[in-house]
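Asks: A single structure is presented below for examination.
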Amino acid sequence: MNLILQGPQADPASIPQIAARVNAQRTEQISANAWRCEAVNASDAIRREIDALCFESRLDYTFVEPGLKLSDFRLLVMDMDSTLITIECIVEIADMQGLKPQATEMTEAAMRGELDSRQSLAKRVALLKGLDASALQRVYDERLRLSPGAETLLAAVKQAGLKTLLVSGGFTFFTDRMKSRLGLDYTHSNVLEIENGKLTGRVTGTVVDAEEKQRTVERVCTELGIMPRQAIVMGDGANDLKMMAVAGLSVAFRAKPIVREQANVALNFAGLDGILHLFEQ
């Protein structure tokens, strides 16, 4: 196995120590903030020790098979809120109603897997009843920001020939704009109901919960004529776990503990483009 170490705030002095602990045959710096340790000891005991060392050094670490290429995959799947973008849109919309604390509490609990995602969504959307629909544009204009490394990642996957899917428990108002802005191939999310220019506090159509996210990944893979194992799936919350489970490579991005524990890759410090360091050119 190879060991990839990376982090924008990492202490480079810690790299030789970690490389020695895993008995790396060779260590190469592959970017300003990333290193590849080749032919390492990847026993369970070593992994536990490396986990502690890397956390102290503000490093993300990933054990990968040598020779892995981005072009081995055909589809990149991303969650939106707190993955592709830095905010939870529903929390910022609720802030326009003065209800941000309530929305934040329910959102965090749902992302940790403590609440049913469908029921939680209904309760959070109900907080928005009566809000002028123009609040959505305000959130997009004033608060929505791409996560670090998002544009670099998307440029690389497109160059490698991968298709892109944004599947979200958030709302079409935002995913539609992300699709246009970033040139994404597919999007799927919830539709906020609007009547007379006001939010009704309900969503219409199919609710995009954990099961629907998985179905969407499988449906798009079928349309592309590929297997789900040819997909890279990135997310941060418990409602992403089912779609991550069918992927060939699952990535937890600044995610809740339940997601980090089950993903193939956990990026806690690096940007979204940190995934690119796992692949050989």
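The values are calculated or read from the model by the stated rules, or taken from the named source; none is laboratory data. If you're wondering where the values come from, they're calculated on a predicted model, not measured in any experiment. Heads up, the Cβs are rebuilt from the backbone with ideal geometry, glycines too, and the neighbour counts pull from every protein chain shown.
Asks: In the set K213, K179, K198, which member is buried (at least 21 other Cβ atoms within 10 Å of the Cβ), modelled with pLDDT of 95 or more and charged (D, E, K, R)?
Replies: K213
Asks: Give the residues of segment 244-267 that are closer than 18 Å to E108 by Cβ and surrounded by 17 or more Cβ atoms within 10 Å (Cβ to Cβ), sorted by residue number.
Replies: A252, F253, R254, A255, K256, V259
Asks: From the residues in segment 115-148 that are closer than 21 Å to M243 by Cβ and assigned to a loop (DSSP other than H, G, I, E, B), which one is modelled with the highest pLDDT?
Replies: S147
Asks: Now for a separate question. Evaluate the following for V259: is it more than 21 Å from L68 (Cα to Cα), hydrophobic (A, V, I, L, M, F, W, C) and touching a residue at least 12 places away in the same chain (Cβ under 8 Å)?
Replies: Taking the combined requirement at face value, the residue satisfies it.
Asks: Follow-up question, since we're still on this one. Hand me the list of strands (runs of 3 or more DSSP E) wholly inside segment 228-281 holding 3 or more residues that are of a type outside the set (S, T, Y) and closer than 16 Å to M80 by Cα.
Replies: On the way: elements: 231-235, 249-253, 265-267.
Where strands (runs of 3 or more DSSP E) fall fully within segment 228-281 and carry at least 3 residues being of a type outside the set (S, T, Y) and closer than 16 Å to M80 by Cα, they are 231-235, 249-253.
Asks: Please count how many residues of segment 220-256 are free of Cβ contacts under 8 Å to residues at least 12 places away in the same chain and touching a strand residue (DSSP E or B) at 6+ places or on another chain (Cβ under 9 Å).
Replies: 1
Asks: OK, next. If you check V207, V203, which single one turns out to be over 28 Å from N33 (Cα atoms), assigned to a loop (DSSP other than H, G, I, E, B) and in contact with a Leu (Cβ under 9 Å, 6 or more places away or on another chain)?
Replies: That would be V207, the only listed residue that is over 28 Å from N33 (Cα atoms), assigned to a loop (DSSP other than H, G, I, E, B) and in contact with a Leu (Cβ under 9 Å, 6 or more places away or on another chain).
Asks: While we're on this one: Looking at (1) without any contact (Cβ under 8 Å) to a residue 12 or more places away in the chain; (2) in a loop (DSSP other than H, G, I, E, B), which one does G161 not meet, given that it meets all the others?
Replies: (1)
Asks: Of everything in segment 73-92 that's assigned to a helix (DSSP H, G or I) and either in contact with a Pro (Cβ under 7 Å, 6 or more places away or on another chain) or free of Cβ contacts under 8 Å to residues at least 60 places away in the same chain (or both), which residue is farthest from E261 (Cα to Cα)?
Replies: Only one residue tops the list, namely E92.
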